[in-house]
Amino acid sequence: MDTKKEFMKIGDKTFKSRLIVGTGKYKSFDETRQAIEISGAEMITVAVRRIELDKNKDSILNHLDPKKYTFLPNTAGCYSVKDAVMTCELAREAGLGNIVKVEVIGDEKTLFPDNEATLEASKLLVKDGFHVLPYCTDDVVLCKKLEDIGCTAVMPLAAPIGSGLGIRNPYNIKLILEAVNIPVIIDAGVGTASDASRAMELGVSGILMNTAIAGAKDPLKMSLAMKMAVECGRMAYEAGRIPKKLYASASSPLDGMIDL
Amino acid sequence: MKLTINGENREILKSQNLEDLARELDIQAPNFAMALNKQVIPRSKYATTQIKENDQVEIVHAVGGGI
C-alpha cells in the first residue's frame with residue numbers, strides 16, 4: 001500500500017490537513033478553540049470587523065495560537081471591489097498575513113458572488129502581492145480566468161453559504177479540476193460528513209467549511225467527523241475508485257462451481 | 001477634537017496621531033489595523049500620521065468568521 005501522504009500546498013505553504021475551517025458562529029471562544037483543535041485544520045478563516053470601542057476587549061486571536069495556524073482573512077460581507085481590497089489591506093496590516101479569501105457578494109439572499117467584481121478585486125490584490133483565494137461559482141471559464149490573472153487557488157462553492165445542501169454539481173467541480181492547474185478548494189455548502197468525503201473523492205485539494213461544524217448539535221463531534229471524512233475522501237481519491245457500471249459483475253469466481 | 005471612529009462621533013482629548021489615538025482608546029486587540037479617511041495606514045506610520053478635526057478613523061481586528 002502506498003502510505004505516502006500528499007500535502008495540500010497553498011502558495012508557499014504546505015498543510016498536512018486538507019480541511020480549512022471558519023471561526024464564526026460558535027457559542028464561545030472556548031468552543032471555537034476546541035472545535036478547531038479537533039478538526040486538525042491548520043488554516044483557519046477569520047473576518048475583519050470594526051473593534052467595538054466600549055465593549056469587552058477580548059479577541060479571538062487571544063484564543064488561537066498563531067504558531068499553530070495560518071490565518072486566512074476573508075472579505076465576507078463586502079459588496080464592492082473597493083471594500084474587498086481595503087479589507088485585505090487592513091487584514092495584512094493587522095498581521096493576519098497575505099493569503100486572503102476574496103469574496104465579493106453579489107446577492108444578499110443567495111450570497112452568491114459577484115464574479116465580475118471578484119475577478120477585478122483579485123486582479124488588484126494579486127498585483128499588490130497577495131496570495132488570492134477567490135470564492136466563486138462553480139464556473140469553469142471563470143476559474144480559468146482567475147488562474148490566468150495569478151490567483152493562488154480557486155474556491156468554487158458547492159452550494160450556497162450555510163445551506164448545507166452538499167455538492168450540488170459534482171460534474172462542474174470535475175471540469176474545473178481538469179481545466180486549472182492551481183488548487184481547487186470547495187468553499188461553502190457542505191452539510192455533513194458524507195458531503196466532505198464526496199468532495200474530496202472528486203480530487204479537490206481541500207474544503208473550507210464553517211456552519212456545518214459550528215451549527216451542528218454537537219460541534220466538537222462534528223468537527224472530528226469532518227476531519228475523518230476529509231481524510232477518508234482524500235484516501236479514496238488517491239486509492240482510485242472503480243468505474244461505475246450499469247450491470248453487475250460477480251466478485252466470486254465462476255470457475256469451480258459445484259454441479260448439482 | 002471631534003472624530004468619527006468606527007462610525008461613531010467621538011471627542012478625543014489629547015491624541016495627535018494614530019498611535020496616541022490607539023492608546024487613548026485603550027485598543028488591546030493583539031492585532032488591529034487602522035484606516036484614516038478611507039486610506040489604510042501601514043502600522044509603521046501610526047506615530048507619524050497626524051489626526052485632525054472631523055477625520056474618519058476605522059479601527060478593525062479579526063473576529064470569528066467563515067465564508
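Coordinate-derived values only; no laboratory data. Remember, it's a predicted structure, so these values are computed and weren't measured experimentally. Backbone-built Cβ (ideal geometry, glycine too); neighbour counts: all protein chains shown.
The set of residues from the stretch A:34-63 being crowded, with 17+ Cβ neighbours inside 10 Å, out of contact with any helix residue (DSSP H, G or I) (no Cβ under 9 Å at 6 or more places or on another chain), within 11 Å of chain B (Cβ to nearest Cβ) and not in a strand (DSSP E or B) comprises A:I51, A:L61. For the stretch A:199-227, a residue qualifies if it is surrounded by fewer than 24 Cβ atoms within 10 Å (Cβ to Cβ) and under 27 Å from A:I182 (Cβ atoms), and the qualifying residues are A:E201, A:L202, A:G203, A:S205, A:T211, A:K227. For A:D12, the conditions (1) surrounded by fewer than 17 Cβ atoms within 10 Å (Cβ to Cβ); (2) within 15 Å of the chain's Cα centre (by Cα) are fulfilled apart from (2). A single entry from A:I20, A:I38 fulfils the requirement of being over 15 Å from the mean Cα position of the chain (by Cα) and in contact (Cβ under 8 Å) with a residue 40 or more places away in the chain: A:I38. Residue by residue through the stretch B:16-46, note down the ones that are touching a residue at least 12 places away in the same chain (Cβ under 8 Å), facing chain A (nearest Cβ under 7 Å) and buried (at least 18 other Cβ atoms within 10 Å of the Cβ). Hits for the stretch B:16-46 are B:L25, B:A29, B:N31, B:F32, B:A33, B:A35. Taking the criterion of being over 22 Å from A:N98 (Cβ atoms) and not in a loop (DSSP other than H, G, I, E, B), the residues of the stretch A:128-144 that qualify are A:V140, A:V141, A:L142, A:K144.
Just so you know, in the stretch A:228-260 the residues that are of a type in the set (D, E) and part of a helix (DSSP H, G or I) include one that is surrounded by the fewest Cβ atoms within 10 Å (Cβ to Cβ), and it is A:E238.
Rundown of residues vs (1) part of a strand (DSSP E or B); (2) under 15 Å from A:R50 (Cα atoms), yes/no style:
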position	(1), (2)
B:N9	yes, yes
B:L13	no, no
B:Q28	no, yes
B:M34	yes, yes
B:S44	no, no
B:A47	no, no
B:E58	yes, yes
